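The values are calculated or read from the model by the stated rules, or taken from the named source; none is laboratory data. This is a predicted model, so every value here is computed, not measured. We place every Cβ from the backbone using ideal geometry, glycine too, and count neighbours over all the protein chains shown.
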Amino acid sequence: MTTEIILRYLHFISIFTIVGTLTAEHLLLKKSLTRAEINKLSRIDAIYGVAALTLLGVGLTLWLGGFGKPSIYYTKNWIFHTKLTCFALVGFLSIYPTVFFIKNRKGDPTEVVAIPKAIVMMLRLELLLLVIIPLLAGLMAHGKGYFGK
């Protein structure tokens, strides 16, 4: 029971951290940034990455570790698979901004770098997907989407 509570707590904290870091990145983005500002975004993005990996690890543990509902409930639930797909898309969309921030964080801190519009759009898509995921989780919590016997 205590292990499950700790895992669920880590799951929620990871979710909140992901939402917070992506929101912060979006709010800090401008058409052009100094390398010092990009370095700050890179550090925020690193926190996002740790939270995403924690969420993935804890989520897999909750799913396959026998905590709460049986793993078959999640395995045979199309909404759960949609939720996982949304999470994977968020991760996939984060690759380009992460690489851009890492490549452009070093150098003269006052040098200005143009930010590609694609980065802004990718962050917005990530945030949109993050709005959908709790809806899917709520539907699952009410027993929707299960196609097993």
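Tabulated values for the structure
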read-out	value
Count of the range 42-72 residues which are assigned to a loop (DSSP other than H, G, I, E, B) and either closer than 30 Å to Val113 by Cβ or aromatic (Phe, Trp, Tyr) (or both)	1
Any hit, the range 93-115, residues being at pLDDT 95 or above, loosely packed, with under 15 Cβ neighbours inside 10 Å and either touching a Leu at 6+ places or on another chain (Cβ under 6 Å) or aromatic (Phe, Trp, Tyr) (or both)	yes
Cβ pairs under 7 Å, 6+ apart, first in the range 131-149 and farther than 22 Å from Val90 by Cβ, second in a strand (DSSP E or B)	Tyr146/Asn77
Flag if Ile95 is within 16 Å of the chain's Cα centre (by Cα) and free of Cβ contacts under 8 Å to residues at least 12 places away in the same chain	yes
Test: Ile102 is farther than 17 Å from Leu22 by Cα and touching a residue at least 12 places away in the same chain (Cβ under 8 Å)	no
Selected residue (criterion: farthest from Leu135 (Cα to Cα)) from residues of the range 68-81 that are buried (at least 16 other Cβ atoms within 10 Å of the Cβ) and not aliphatic (A, V, I, L, M)	Tyr73
Test: residue in the range 45-53 that is of a type in the set (Val, Ile, Thr), buried (at least 16 other Cβ atoms within 10 Å of the Cβ) and touching a helix residue (DSSP H, G or I) at 6+ places or on another chain (Cβ under 9 Å)	no
Yes/no for Ala88 being exposed (fewer than 13 other Cβ atoms within 10 Å of the Cβ), out of contact with any strand residue (DSSP E or B) (no Cβ under 8 Å at 6 or more places or on another chain) and in a helix (DSSP H, G or I)	yes
Total residues in the range 1-41, condition more than 15 Å from the chain's Cα centre (by Cα), assigned to a helix (DSSP H, G or I), buried (at least 16 other Cβ atoms within 10 Å of the Cβ) and of a type outside the set (Val, Ile, Thr)	6
Any hit, the range 109-124, residues being touching a residue at least 60 places away in the same chain (Cβ under 8 Å), over 25 Å from His11 (Cβ atoms) and out of contact with any helix residue (DSSP H, G or I) (no Cβ under 9 Å at 6 or more places or on another chain)	yes
